[in-house]
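The next block holds one structure in the form of structure tokens; read it before the comments.
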């Protein structure tokens, strides 16, 4: 006798073979094959005693594959069969997938059921979730930048990336920290990026500045941040091996005076020049020159 749902029928032997093949594929991290096997099984038999786990797994595998439409649809099935306890991972994964497809009502319900308190409202979530770090392109350049978290899974990039990424991007990150950065007595989690959610129109420029003392360099940084832009000295970049980057690293934010190359986040060259001119006019000995569009370079 086979398992039947609608027009889908599987014999016990076929169902068992699908589960075994899916399990082997998952152990080999072949998420596409594992997901296909489990989906075929669940089409035939969606509510066995272990189907709840399979719904979660198949939605998770599509998250790994960055197949957000499937992660969203299957994630709703997983969440519908999940328990009511706070911290249920099916709600977390659904919250991410719903955010990626911009279904804010579902995202809000998922985060709330997971146990996260959101500010009252509807539509896109734009709450204050604090400062953190995100490892952009974790399987490639793996550059760690500072972000302002705007929801449980999204952050706006506050740094001027050294790679080809941009200040002001909004990125989606996963929930488990993969390292931390310490500034004084404060520790900030480092999350791995899952996807670019919204690109930035803010370009990156490179210039050389002369700051007679530390206060002048701090004033330059503030001149950009006051305009919701950013500045980053080129020599502030640090390189770490994978093991160290995923550990706990003390971050030195000491301001250094002198002549330095800097990266500037500004929408266009005239805007960058205007900020630099205003800064240079504000203190004796301040100067800048040689602005140009930044060429791509490596990151952490």
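Bear in mind these aren't lab numbers, they're just calculated from the coordinates by the rules spelled out. Quick caveat, the model's predicted, so the values are computed rather than measured. In this analysis, Cβ positions are derived from the backbone assuming ideal geometry, glycine residues included, and neighbour counts consider all displayed protein chains.
Working from Cα pairs under 8 Å separated by at least six residues, relative contact order for the chain is 13 percent. Computed from the Cβ-Cβ distance with R0 of 22 Å, the FRET efficiency linking residue 186 to residue 104 stands at 0.10.
With both labels modelled 7 Å from their Cα along Cα-to-Cβ, the residue 30 to residue 69 distance reads 2.5 nm. Angle of helix 12-27 to the longest C-alpha principal axis of the chain, folded into 0 to 90 degrees and rounded to 10: 20°. Over segment 3-114, what is the relative contact order in percent, taking alpha-carbon pairs closer than 8 angstrom and at least six residues apart? Worked out over segment 3-114, it gives 18 percent. For the chain, the share of DSSP beta bridges that are antiparallel, to the nearest 5, is 85%. Considering only 130, 175, 95, the Gaussian network model of the chain with Cα springs below 10 Å gives its largest mean-square fluctuation to 130.
For the pair residue 278 and residue 198, label points projected 7 Å from Cα toward Cβ lie 2.4 nm apart. To the nearest ten degrees, helix 68-80 and the longest principal axis of the Cα atoms of the chain are 60 degrees apart.
FRET efficiency for the pair residue 164 and residue 23, taken as 1/(1 + (r/R0)^6) with r the Cβ-Cβ distance and R0 = 41 Å, rounds to 0.55. Given a Förster distance of 45 angstrom, what is the FRET efficiency for residue 215 paired with residue 119, based on the Cβ-Cβ distance and rounded to 0.05? Calculated value: 0.75.
Among 192, 174, 235, the largest mean-square fluctuation in a Gaussian network model of the chain (Cα springs under 10 Å) belongs to 235. How much mean residue ellipticity at 222 nm does the chain get from its helices, if each DSSP H run of length 4 or more adds -39500 (n - 2.57) and you divide by all residues, to the nearest 500 deg cm²/dmol? Helix-only estimate at 222 nm: -11500 deg cm²/dmol. For segment 131-198, what is the percent of antiparallel DSSP beta bridges, rounded to the nearest 5? Counting only bridges with both partners in segment 131-198, antiparallel ones make up about 85 percent. Taking the 0 to 90 degree range and rounding to the nearest ten, how far is the long axis of helix 31-44 tilted relative to the main principal axis of the chain, both from C-alpha atoms? Value to nearest ten degrees: 40. Extension gain, residue 222 to residue 47, is 57.2 nm, computed as 0.36 nm per intervening residue step minus the present C-alpha separation. Among 150-158, 22-30, 204-212, the peptide with the highest mean count of other Cβ atoms within 10 Å heads the list, and the full ranking is 150-158, 204-212, 22-30.
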